[in-house]
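The values are calculated or read from the model by the stated rules, or taken from the named source; none is laboratory data. Keep in mind that what you see is a predicted model, and the values were worked out from it rather than measured. Neighbour counts are summed over all protein chains in view; Cβ atoms, including those assigned to glycine, are modelled from backbone coordinates with ideal geometry.
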Amino acid sequence: MTSLTTSPRPMRRAGGGLQRKPWWKTALGVVFTVLMLFPVYWMVNVSLTRTSDLRADPPHWFPWDPTFEGYTAVFGQQLPALGTSLLVGLGCVVLTVAIAAPAGYALALLNLRGGRTLNFLLLVAQMIPAVVMAMGFYAVYNSLGLLNTVGGLIVADSTVAVPFGVLLYTAFMSGIPRELLQAARVDGAGPWRTFRSIVLPVSRNSTLTVALFAFLWAWSDFIFASTLNRNGELIPITLGIYNYIGNNTTQWNAIMATAVVASVPATILLVVAQRYVAAGVTAGAVKD
């Protein structure tokens, strides 16, 4: 019995030798990788540089005399802001998935009237600049008393993630075999039971992808935070970084240290969920 899985084999030349990739492609890939990662390296470098050495000419390309005063400021002053960002990010994930998953199910599998029009409106919604949306939210929140609240910030951040989530869920759920849905109907399951018991478990990769992007959008948001929560008791880490920028002095090592610490959760999430994100983003791209 032959196995259905085959291991990849290296390509061979006509004469039988192995075909190697041109060396310049590898070198070009290394150069591009270094260019893309250089801002990250420079962020770490500045976070370890003493204040007196920040204006050195030429600049210090390596922290020969490192200091941890920036990280001391982060862990002494910015932990509440990190906690607020975590709360806002998780709240945005819950609200986004709770809205986007049923909406994608309805558009993909329930044959709603005006589905194409709604998809078009979701695409348009993603094109609206965040600054314009922030001004609208400010006017509404000022009337409702939601300014400087964590709940209001969660709702505002979700408006960016929900259109993306609905479109992604719709693309994936459109490819779910109809036989599964028909079997559920035969067993007496209604639309809501079918969604909870069949569609949502099958859509795990898409759910993880939507949750990850929603969290990262909320975690990195500055426009909504600075507009709607500038004077709140609980501010996110993006505003915490902004507090280090003054009229006369700028604590660059504290700014970069805060950026390094704030980048760690996002980096860990991306590394852990990488394969799920790849599967979720490409879901629905190919139809049988």
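Kindly evaluate F215 against the criterion of being modelled with pLDDT of 90 or more and buried (at least 19 other Cβ atoms within 10 Å of the Cβ).
yes
Does Y141 count as within 24 Å of A225 (Cβ to Cβ) and either of a type in the set (A, V, I, L, M) or surrounded by 16 or more Cβ atoms within 10 Å (Cβ to Cβ) (or both)?
yes
Run V88 past the list (1) touching a residue at least 60 places away in the same chain (Cβ under 8 Å); (2) over 25 Å from the mean Cα position of the chain (by Cα) and report the number of the one that doesn't hold.
Checking V88 against (1) touching a residue at least 60 places away in the same chain (Cβ under 8 Å); (2) over 25 Å from the mean Cα position of the chain (by Cα), the one that fails is (2).
The rows are residues; the columns are (1) aliphatic (A, V, I, L, M); (2) under 15 Å from A262 (Cα atoms); (3) touching a Ser or Thr at 6+ places or on another chain (Cβ under 7 Å).
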| residue | (1), (2), (3) |
| --- | --- |
| N45 | no, no, no |
| L48 | yes, no, yes |
| T51 | no, no, no |
| A56 | yes, no, no |
| H60 | no, no, yes |
| P63 | no, no, yes |
| F68 | no, no, no |
| A73 | yes, yes, no |
| Q78 | no, yes, yes |
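Pick out, from segment 220-288, the helices (runs of 4 or more DSSP H) lying fully within it that include 2 or more residues that are under 30 Å from P177 (Cα atoms), modelled with pLDDT under 90 and not aliphatic (A, V, I, L, M).
274-282
If I ask for residues that are of a type in the set (A, V, I, L, M), more than 26 Å from A225 (Cβ to Cβ) and in contact (Cβ under 8 Å) with a residue 24 or more places away in the chain, which ones from segment 104-133 would you list?
If the condition is that a residue be of a type in the set (A, V, I, L, M), more than 26 Å from A225 (Cβ to Cβ) and in contact (Cβ under 8 Å) with a residue 24 or more places away in the chain, then L107, A108, L109, L110 are the ones that fit.
Can you pull out the helices (runs of 4 or more DSSP H) entirely within segment 83-193 that have at least 2 residues that are closer than 24 Å to A218 by Cβ?
Result: 115-127, 130-144, 150-173.
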